[in-house]
Amino acid sequence: MFSTPLHIRSAHRSDERALWRLAALDSAPVPSGEVLVAEEDGELVAALPVMGGAAIADPFRLTAEAVAVLELRATQLRHAPTDDAPYRRWLAAHALAGSAATN
C-alpha cells in the first residue's frame, strides 16, 4: 500500500529532465513514445512506455506497486477504442520529441 498518494499521468515535455534523472538512477534508457509516469510527493518514481517496453524506476524507493499500476494503465490504453488513434500516434511521435534534439 502506498504511504502517499500516487498519481499516474502521461509524461509531458516538462518531465524530460526528471525522466533522464530516473533513467540514470535505473541505469536504463529513457522510454520513448507515449510514456506514462508515476508521481509521488511531486517526484517521478517510475515511467513506462504505453506501447510496450521496460519500465524505469527509482531504485531507492519502493516502486513495484507503482510499476504494476503503470502496466495496468498502459494495458487499458492499448486496448481503448481506436477512434482516437490519430491523436495517439501524434502524441507518441511528439511526446518527447525534444529529447532527441538535446542529445
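Full extension of the segment from residue 16 to residue 92, taken as 0.36 nm per residue of separation minus the current Cα-Cα distance, would add 25.9 nm. Decide, for the range 1-70, between rounded, prolate and oblate: order the square roots of the alpha carbon gyration tensor eigenvalues as a ≥ b ≥ c, take rounded if a/c falls under 1.5, and otherwise choose prolate if a/b is larger than b/c, else oblate. Because its axes are fairly even, with a/c under 1.5, the range 1-70 counts as rounded.
Starting from 0.36 nm per residue, how many nanometres of slack lie between residue 4 and residue 60 once their C-alpha separation is accounted for?
On the way: separation 56, 0.36 × 56 = 20.16 nm, distance 1.58 nm.
The residue 4-residue 60 span can extend by a further 18.6 nm.
In this structure, residue 79 and residue 28 have a Cβ-Cβ separation that, at R0 = 25 Å, corresponds to a calculated FRET efficiency of about 0.45.
If the segment from residue 41 to residue 71 were pulled out straight at 0.36 nm per residue, it would be longer than the present Cα-Cα gap by 8.8 nm.
None of the figures in this text is laboratory data; all of them are computed from the coordinates on show. Because the structure is a prediction, the values reported are computed rather than measured. Note: ideal-geometry Cβ built from the backbone for every residue, glycine included; neighbour counts use all protein chains shown.
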